[in-house]
Structure formats: C-alpha cells, structure tokens
There are 4 protein chains.
Amino acid sequence: MADGTRRPGRPRSEAARQAILKATHDELLERGYGELTMEGIAARAGVGKQTIYRWWRSKAEVALDALLAVAAEGIPIPDEGGLEADLTAFLRRTYGMQESEGPILKGLLAQSLLDPGFAETFRDHFLAGRRAALGTILNQAVARGEIPAGTDLGLLHDVVYGVLWYRLLFRSAPLDDDAARDVASLIARSVRIGE
Amino acid sequence: MADGTRRPGRPRSEAARQAILKATHDELLERGYGELTMEGIAARAGVGKQTIYRWWRSKAEVALDALLAVAAEGIPIPDEGGLEADLTAFLRRTYGMQESEGPILKGLLAQSLLDPGFAETFRDHFLAGRRAALGTILNQAVARGEIPAGTDLGLLHDVVYGVLWYRLLFRSAPLDDDAARDVASLIARSVRIGE
Amino acid sequence: MADGTRRPGRPRSEAARQAILKATHDELLERGYGELTMEGIAARAGVGKQTIYRWWRSKAEVALDALLAVAAEGIPIPDEGGLEADLTAFLRRTYGMQESEGPILKGLLAQSLLDPGFAETFRDHFLAGRRAALGTILNQAVARGEIPAGTDLGLLHDVVYGVLWYRLLFRSAPLDDDAARDVASLIARSVRIGE
Amino acid sequence: MADGTRRPGRPRSEAARQAILKATHDELLERGYGELTMEGIAARAGVGKQTIYRWWRSKAEVALDALLAVAAEGIPIPDEGGLEADLTAFLRRTYGMQESEGPILKGLLAQSLLDPGFAETFRDHFLAGRRAALGTILNQAVARGEIPAGTDLGLLHDVVYGVLWYRLLFRSAPLDDDAARDVASLIARSVRIGE
DNA sequence: TCCTAAACGAGACGGTACGTCCTGTCTTTGT
DNA sequence: ACAAAGACAGGACGTACCGTCTCGTTTAGGA
C-alpha cells in the first residue's frame, strides 16, 4: 500500500543501475579509486553519463553504492556468551572483509575527506551500520554485567574502529585473527578493572 | 662552509619558496585541500608553475612542506613520573594542535590514500615523528615497570593514534582534554591487569 | 463525412498540433531559430517529444509549418497594367512581410544550408510559391510586349529574389518602398533596351 | 617598428595555428560545415581543444579563417576598358571559385544567420572585401562616364551579389561563364538608359 | 667586465575529465 | 492507437587543471 502512485514516464532501468554498479566495482578493483572516472564507468557500463548523474551526485556516491551492493549481507552479530569471545568473533569477520573491501574503503574515505558533503553520506550509509553492529555486542555485555554501568561506550567504539582504520590506512600492523584477539582482549581488560 | 660545490647559474630563490609555502597554507585554510590546485598556488604566490614543479613533485608534497614549516617545533615529551599522567599531558598537547592542523592533515591523508607514492613520504616525514614521541613515553613506563614486559606496544600505539585519527576523520567525539584523560585512563587500565 | 475509414485507436490530437505550432512560433520570435530546440517546443507546448517526432521529421519542418500556418494567405498578384507598376506593387507587399517573417525565414534558410534534405522541402513548400507569383507578373509583361520574347526570365527572377535575399541576409540596404521602386525600375530598364 | 613590445610567456605556436586551419579545411571539404565539430578539428590537428578556444571564439570563426587562408590571394581587378567586359571578367573569376568555396560559404552563411555575433565578423572579414573589389570596377565605369553620375551603386552591388548568392543558395541556375556574361549584360543595359 | 648557466615570470601547449545540453528512441501509464 | 512523461544511449559542448614546453629576463660565479 504505502504508495501506489506510480510516477508517469518511463521507469528507471534496473538493468542500467546494475550495469553501472558492476562497472564501478570492476573499475575499483582493477584500477583503484584514484583512477575512477565517470566517463570510464559510463563507457564500461555501456551507459550515457547523464544516466549516472541522474541517480547519483558524484562518483563517490556511485562507488559507495557499488560497495554496499556487494557487502549488503552485513555482519552477523555473534553471541558466544561473553564479551571477549563475542568481540573476537566479530572482529575476525570484520577484519576478514578488509582484504577485498579495504582499498575501496580507503578511496571512499579519501573522498569524504576532500568533500564534506560526501562525508555525511558516507557516515550515514556506511559507518553508522558498522557502529550499530558493535553497539549490539557492547549492550549485550552491559546487560550481562561485564561492562560497568557508567562506562563510556563511545570511547570503546572509537578504540575498536580506530585501531581498524588506523591499521587499514597506515598498515602499521596486519588485520588478522591475532589482531582481533588482541584488541578484544585489550577492551575486555580495560573494562574489568574494579571487579 | 664545508662544501663549496656551488652549482653555476642563478641560485634558487628563497623568496619564491616562502611565497609558495605561504600561498599553499593560505589556500588550504581558506578553501581546503580538495580545492587546492597548482595553478591556484602559482597565481597566489605570483610564481610560475614550473618553479613549483622544479622543487616539489606534487601538490601533496607542497602541502606537506607547508604544514611542516608551520608545525616544525614538534611536541615536547612530558615526564610527569607516571604513565597515565604522561599520556594525558601528551595527548592534550597533541589534540590541541588538531584544531588548526586537522583539516590539512585530513587532506594529506586523503592524498596518501589515493597516491601510494605520497603515502610513503607522508609516513616517513610525518607519522614516524609522532610515533617516536609516543614510543618514548611508553618506554619510560616499561622502564618504571608500569607496563608488563611482554606487552604489545605496537597495539598501544595503534589504540592511541587510532582513536585520534578516527575522531579526527569521522568526528565521532571531540578531541578535548576530557578525551585525552579518558584515553590515557583506558590505556593505563588495560596494562594494569594482573598486578 | 465522405470517408468513414476511421483508423482504430485514439485520433491525432488537433489541440496538440496547434499547441506545437504555437509554441514553435513563440520560441522563434522570442529566442530565434538558433535557440530553437525540440525539448523547448515540447515543454512549452506541454507535449511529449514523441508527439512532435511522430508528425514532423525535424525541428526545421516544424518551424516551416509554423511559418506557413501564419503566412498562409499568400501574396495577391497585382495587375496595374504595366510591368514596372506591377513589380513595384508586388515587391512592396513582399518586402513588407519581411519585418515579421524575416528572422524565421533566415533560420529556415540556415537549416536548409546545413541539411540538404530539408533544402528540398524548403524549396518545394516555400520558394516555389514565391517564384510562381513573380512568374505570373513577368508573363503578363511578356504578353503585353513589355518584355522582348527571347528574354531570360530566369535571370530576372534571380535578380528580383537575389536582391531580396541578399538584403535580408546581409542587411546591406533596407527593404522598404523605395527599394521596391528601385528594383522594379532597374528590371524595367534592363528589358527596355532596343525599343 | 610600431610595437616591439613582446608579450611575456611562451609565444603562440604557428605550427598549431596552421594545423588547426588545415584540419578545419579538410573536415569542411570531407564532411561539410554541418558536421564540423571542435572536437573533430582538435583531434585531426593533434591539438588540445583549449588551444582552439584560446584563439577563436567559435567553430564558425575557425572555418572563416580556414577559408580566408586558402582564398587569401583575392580576386584581381580587371581593366578591360569597358564596364561590361570588366564585369564579365570579374564574375567569371568569382563564379569559378564557387565550385570549391561554395559549400564552405554556405556553411558560414548558415552560421551567421543563427548567430548575430558571427554575422558581423563574417560581413566585415569576408563580404566587405568582395564588395570593395566590385566597387573598384563600378567606380572605373563611373569615371569613364559609362554609369550616370546619380546611379545607386549600392543597388548594383546588391544585384550582382544577390544573383550570386541566390544561385549559390538555391541552385536556381548554374554559375558558369554564360551566367557571368548575362549578369554583366543586364547591369550594363540597366545603366545605359538615357544615353 | 663580460660570459655562462640556471632559475625566474609568464603563459601557450597537448591532453583528460568534468558536468551540461540536446538528440532521437524507448517504455511506462492514462485516455 | 495516441498522448504526456520522462528515462535511455550517445555525442558535442565549453571549462578547469594537469604537467610540459618555450619565450625573454634576472641573478649569480668564474673568466
């Protein structure tokens, strides 16, 4: 119900949309975000440039959609019964995706640093989802009493994702299973004081 | 002085160098890294484009030099006698500089994400100095026995700078004195376990 | 009514046709042929582009129809009893229409220069009618013996319309009553030799 | 001497200018004015589009220059001793050039009909030269007493060039040697009255 | 004091991508 | 079947910068 009011005119072509996202993703993998151009996407997708501009405001938004289309499944929230175990499982999955997603993510971050308008979109459509997933895990731990009531959960978020991004950006250390365990352990220890 | 090997021909103009760095810094403050162009710098500095290309390889390197020329002093290493106090003092100073440096830093990061060649330069000329400063503080704490011998200092680095960068990039929380205290406290707690 | 062979489906909308011709004419007057676009006509007429393409092959043909719809009456053939008087009267009327028709005519000519296909249409639907009118006048003069039998009437046509178009195109001189008189006089003199 | 003040900076490339005019002329001959595009010229000349826009305001002005570069020699003024002979000789040469120049001329005319700004340029840089040549011939005839003192020379200009353009535009009759003779004869007759 | 040579400002160069406009075709729903 | 609406592929537009080049001019040291 909701709507039913079909706008008049030819409807948006789903085929074109798919072709654009596919072409964008392929270009990103092959040549990187820095080499991504609207003309390149249009040519590869067999589409007019106007068709891209009609539905996206910039190549960054196309790239974001191309990423989301692939990473749409999302990360399942683990429930292993304890904060450290939950966190370890969650981080392993998250880190595991960086192998393929990483370069695209770096490009999108670069764009959002250069273009404040896109920064908002990026935060709302991508980061928010990731933070929500971690939020669920932390709230479970609060409910179990593993995290003291007054703890600043925002800081914990920033630590977890700060380490992820820092290592992604500067390659100071690998994002592997050990890294997941270590970060989970650090977080767990930092909230256990005073027990 | 020592050398004497003076190349023939007109020597490099120090005035031009200063004008270029000044113009670059002004453009960065007024319009941001995303709007920075070689032509804009040249025009503003009253300089030919070739003069810029003669001495720098890209606008990113000019911007980096323009930043370093201003932020040359560096951050003094505190020694308050304890890890948490040292860390708090250090982070307060570091965070305090982000007000002005932040936007430029973001631009340089963006560039280093898009251009792997510049990423190296950025890491070597900028990040390395920051990590060394923190390293001194952590080593002091290890020497005092505040940090257990086997602790992964790299992870602590990544946590401290990860939170800094994450908040700088995504504005998830302010970088103020409270933040400095909270991060220092979290680090201190995370290493105190087992005492 | 006579026919009865009514094709199935919705009949052609006379309202749409009128709206298109009206919109075209208005656009021509307001912005000139050079600025005329199919999209502009469609938007102004409140009509789909397809509806225009269904009935006309190009914007030039629409413009031609828009002109003909207005200038349909045609020019009456004078019969004042003598070549020079007939010609003067005819040219006065013809020149008088250029004030309003001129700009549109220039646009159509431009189109026919760029598009050989339209050139034919333009000649057949517009120029032929004009030449026929002049032909009647000259034939009257031949019948009266004012023009010698062997005279090249085609050249006279070309002189009369050549001057008209040349002045219309290049504004080398006004197209007023004096001009009509002078051209008529020149023609009359040029054929009177040998009397 | 006149100047001597060389503007600073790299001077305009004569090679580029020649390449552009050559490419334009070739495109005009091969594909016609209607198909002429800035991109086509630039590609064919091996030149950046900006280089064209730096020196010409539109493709019409490039085409005009390309035409003038070829037809630079101009038409020599005959002096056969009599108006009709002079005119015949002049028109034969003029008509003779239409074989190759004609299509380009038609394109330029089309453009000047669509773009009033270019119309001026066209008149000043092309038509004016042609009218001046005819003016010399007519003035010779006036000096010789072949044309009565009070005659409207402007009208004679318009007749001569009106017929030329009319036949060029509408192909109502060929522009051959006979045509030259007939027009010369008509003009001569039209001014001989009253002798 | 001149000579050599590099750096300087200026700005034109070939080139790439931009974002917009319009073309002529198509695919919907509504009449 | 025709109409309004509007999305589609395509192509040219004119602009902005890129990094390179070619001028005449300036500024030093060495001859």
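Every number here is computed from the coordinates shown, using simple stated rules; none is lab data. All values reported here derive from a predicted model rather than from experimental measurement. Cβ atoms come from the backbone with ideal geometry, glycine included; neighbour counts cover every protein chain shown.
Numbers at a glance
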quantity	calculated
For residues of A:112-122, the mean tally of beta carbons on other chains within 10 Å	4
Separation of alpha-carbon centers, segment B:17-87 and segment A:106-170, rounded to whole Å	30
Cross-link pairs A:K59/C:K59; A:K49/D:K59; A:K49/C:K106; A:K59/D:K106 - those with Cα-Cα distance over 32 Å	A:K59/C:K59; A:K49/C:K106; A:K59/D:K106
Kirkwood hydrodynamic radius of chain A, Cα pairs, Å	18.8
Sorted by Cβ neighbour density within 10 Å, fewest at the top, the residues B:L153, B:L134	B:L153, B:L134
Shortest-first distances to equivalent copies, position B:T37, nm, label 7 Å out along Cβ	1.7, 2.5, 2.5
Reduced Cα scattering model of the protein assembly as shown, Debye log10 I(q)/I(0), q = 0.05, 0.06, 0.10, 0.11 Å⁻¹	-0.51, -0.65, -1.08, -1.21
Label 7 Å beyond Cα on the Cβ vector: D:E101 copy-to-copy distances, nm	3.0, 7.1, 7.2
√(5λ) per eigenvalue of the Cα gyration tensor, segment A:14-70, largest first, Å	15, 12, 11
Sparse-neighbour loop sites [trypsin sites (Lys or Arg not before Pro); segment C:32-128; at most 13 other C-beta within 10 Å; DSSP]	C:R57
Other copies of A:E80: label-to-label distances in nm, shortest first, labels 7 Å along the beta-carbon direction	3.5, 10.7, 10.9
Chain D Cβ-axis minimum, rotational copy A, residue and distance in Å	D:E39, 7
Relative contact order [Cα under 8 Å, 6+ residues apart], chain A, whole percent	22
Using a Förster distance of 41 Å, the FRET efficiency for C:A132-C:R181 (Cβ separation, nearest 0.05)	0.95
